[in-house]
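To keep things clear, I will list the structure first and then write my remarks on it.
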């Protein structure tokens, strides 16, 4: 393992930057999905600023690793990450969800770095399988990452895809479940219980890892274990908290799709930057 | 006279094998119906480029999107009852919205699946797909045109829905016809009434025109194999000439070819349009020919509609 070299200080700074960007974006837009964006920050940071082979100057580089945001409502997190990585100017972030902006409410191909227009839940893992199959056919060594919401575990297509990836021995595919415990209407275990989630994926023949989704070292070690696994896809169940970093948003289903106001966000951002 | 019967799915499978030889980017996806619709022919020839996903149509369409995003040209095929039937969302969001180079070619469209009954017949697939932006919609008349139009789907970048029938139908076209996507074919010139048809109803239209001519009615026959983008020029030109149109399609008269024609003429040159097709109802089990008769999908029905229009003014 190469964990000794993980630049956690730099990654933590990126996480703070992206978290504050998300809050400012949704406050400016007066809508968007802050809860599920904030829960995914460390996962995105681990991928885009450490693990993934990619080049913001060449978003169509054929050998790049691919990242599919299946839980497309976390678009603010993806856009903030792509801007921080240099795919497009950070000044555009404040145009989120506005007319004539590239930054649509959910990801689409107007934005360089977006690999799939996720949004309608349940489709992203299938698309990631297609990319991974193409990589195998072309004998390329790129990897494909798909970030799924835990609410997406309700979708039948997720399990169709879960059955298919091991059949095709897609060891170049890593799925990550943002297990923040909350879907739009409430707690996942009340709306539609998905536990025991790890056992479900195991039963579908996946290599299953469970991590604290805010512990950069754990996330990165799991991504590396996934890379070393042969003939099987890996799913990383990342235990997170919806609305992470904002005390009144954490564990509150109301903040799935509601933006805090600008004044509140200004105070929050000051506080987060000082910490 | 010996009528040459032809199988659209065999023609499709043969066209696929040819595409597979010409272009290594062509891959094919199946959902446990590949022997029935003959895509197994491609699977036998190019096993590494054929993906059977089992009975999981939504996943199949999503995987096709990913393959296209990584540079492949996927052909997605099963019965039309299931694609688009079970995965309109995936077609809309993963294929059409991002305008991906995915070709959906579904067989067993319309009533021709016969004995399996309404659950496996489709009257709505074309209308549903036609309302989605970016998708091209093609309904070939026979095997020869299927072969050509499938090849055209490969040379034309972007998403397609090609709808095939299960029944063996008489060949309308003798050999490889020169058909273009978005360009309707004028099969017979006439002056009293225009018959615009697609799919298996093209042959019925040709037969109807022969019968009408015996009764002194001169019918123009147009094969409108592409429902989108719709060839408005050809239809309007004919409407101006004959002043009346009969449409014929093996699907609901709501939202399909009849609608496309009515939309076209009402926009710029209103003429009476009579729609022959399934009259907003589901099918049932039966022999293909019996069903076509019961649901009014015959040359006789086209003749009746044409004569009514001719008599009305």
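Which residue out of B:16, B:67 is within 13 Å of chain A (Cβ to nearest Cβ), touching a strand residue (DSSP E or B) at 6+ places or on another chain (Cβ under 7 Å) and either buried (at least 24 other Cβ atoms within 10 Å of the Cβ) or assigned to a loop (DSSP other than H, G, I, E, B) (or both)?
Unique residue meeting the criteria: B:67.
With region B:159-274 as the region, which helices (runs of 4 or more DSSP H) entirely inside it contain at least 3 residues that are more than 19 Å from residue B:304 (Cα to Cα)?
Hits in region B:159-274: B:232-242, B:257-268.
Give B:241, B:307 a once-over and let me know the one that is at pLDDT 95 or above, surrounded by 16 or more Cβ atoms within 10 Å (Cβ to Cβ), more than 25 Å from residue B:160 (Cα to Cα) and touching a strand residue (DSSP E or B) at 6+ places or on another chain (Cβ under 9 Å).
Sole residue among the options that is at pLDDT 95 or above, surrounded by 16 or more Cβ atoms within 10 Å (Cβ to Cβ), more than 25 Å from residue B:160 (Cα to Cα) and touching a strand residue (DSSP E or B) at 6+ places or on another chain (Cβ under 9 Å): B:307.
Being assigned to a helix (DSSP H, G or I), surrounded by 16 or more Cβ atoms within 10 Å (Cβ to Cβ) and out of contact with any helix residue (DSSP H, G or I) (no Cβ under 6 Å at 6 or more places or on another chain) is the requirement here; does residue B:297 meet it?
On the way: assigned to a helix (DSSP H, G or I): no; surrounded by 16 or more Cβ atoms within 10 Å (Cβ to Cβ): yes; out of contact with any helix residue (DSSP H, G or I) (no Cβ under 6 Å at 6 or more places or on another chain): yes.
Spelling it out, it is not the case that residue B:297 is assigned to a helix (DSSP H, G or I), surrounded by 16 or more Cβ atoms within 10 Å (Cβ to Cβ) and out of contact with any helix residue (DSSP H, G or I) (no Cβ under 6 Å at 6 or more places or on another chain).
Only one of (1) under 15 Å from residue B:8 (Cα atoms); (2) at pLDDT 95 or above; (3) in the same structural domain as residue B:74 (by TED's automatic domain parsing); (4) in contact with a strand residue (DSSP E or B) (Cβ under 6 Å, 6 or more places away or on another chain) is not met by residue B:165, so which one is it?
Among (1) under 15 Å from residue B:8 (Cα atoms); (2) at pLDDT 95 or above; (3) in the same structural domain as residue B:74 (by TED's automatic domain parsing); (4) in contact with a strand residue (DSSP E or B) (Cβ under 6 Å, 6 or more places away or on another chain), the lone unmet condition for residue B:165 is (2).
Checking residue A:123 against (1) touching a residue at least 12 places away in the same chain (Cβ under 8 Å); (2) surrounded by fewer than 24 Cβ atoms within 10 Å (Cβ to Cβ); (3) within 9 Å of chain B (Cβ to nearest Cβ), which single condition isn't satisfied?
That leaves (2) as the condition not met.
When you go through A:150, A:154, A:178 one by one, which is the residue that is farther than 21 Å from residue A:64 by Cα and in contact (Cβ under 8 Å) with a residue 60 or more places away in the chain? Write out each step before concluding.
Details: A:150 fails: in contact (Cβ under 8 Å) with a residue 60 or more places away in the chain; A:154 fails: in contact (Cβ under 8 Å) with a residue 60 or more places away in the chain.
Unique residue meeting the criteria: A:178.
Return a yes/no flag: does region A:28-51 have any residue that is surrounded by fewer than 22 Cβ atoms within 10 Å (Cβ to Cβ), without any contact (Cβ under 8 Å) to a residue 60 or more places away in the chain and away from every other protein chain (no Cβ under 14 Å).
Checked against the condition, which is being surrounded by fewer than 22 Cβ atoms within 10 Å (Cβ to Cβ), without any contact (Cβ under 8 Å) to a residue 60 or more places away in the chain and away from every other protein chain (no Cβ under 14 Å), region A:28-51 yields at least one hit.
With respect to residue B:82, is the statement that it is closer than 29 Å to residue A:155 by Cα and surrounded by fewer than 24 Cβ atoms within 10 Å (Cβ to Cβ) true?
The answer is yes for residue B:82.
Looking at (1) outside the structural domain of residue B:67 (by TED's automatic domain parsing); (2) touching a helix residue (DSSP H, G or I) at 6+ places or on another chain (Cβ under 6 Å); (3) surrounded by fewer than 24 Cβ atoms within 10 Å (Cβ to Cβ), which one does residue B:154 not meet, given that it meets all the others?
Of the numbered conditions (1) outside the structural domain of residue B:67 (by TED's automatic domain parsing); (2) touching a helix residue (DSSP H, G or I) at 6+ places or on another chain (Cβ under 6 Å); (3) surrounded by fewer than 24 Cβ atoms within 10 Å (Cβ to Cβ), the odd one out for residue B:154 is (1).
Tell me which of these residue B:41 doesn't satisfy, since it passes every other one: (1) more than 7 Å from every other protein chain (Cβ to nearest Cβ); (2) under 20 Å from residue B:161 (Cβ atoms); (3) assigned to a helix (DSSP H, G or I).
Unmet condition: (2).
Give me the residue from region A:130-159 that is over 25 Å from residue A:37 (Cβ atoms) and within 8 Å of chain B (Cβ to nearest Cβ) and, out of that set, surrounded by the fewest Cβ atoms within 10 Å (Cβ to Cβ).
Restricting to residues being over 25 Å from residue A:37 (Cβ atoms) and within 8 Å of chain B (Cβ to nearest Cβ), the top hit is A:156.
Across region B:83-112, what is the total count of residues that are in a loop (DSSP other than H, G, I, E, B), farther than 21 Å from residue B:42 by Cα and within 13 Å of chain A (Cβ to nearest Cβ)?
Matching residues across region B:83-112 total 6.
Is it the case that some residue within region A:236-256 is within 14 Å of chain B (Cβ to nearest Cβ) and either assigned to a helix (DSSP H, G or I) or buried (at least 18 other Cβ atoms within 10 Å of the Cβ) (or both)?
no
The values are calculated or read from the model by the stated rules, or taken from the named source; none is laboratory data. Because the structure is predicted, anything quoted here is derived from the model rather than measured. Here the Cβ is made from the backbone with ideal geometry for all residues, glycine too, and neighbour counts use every protein chain on show.
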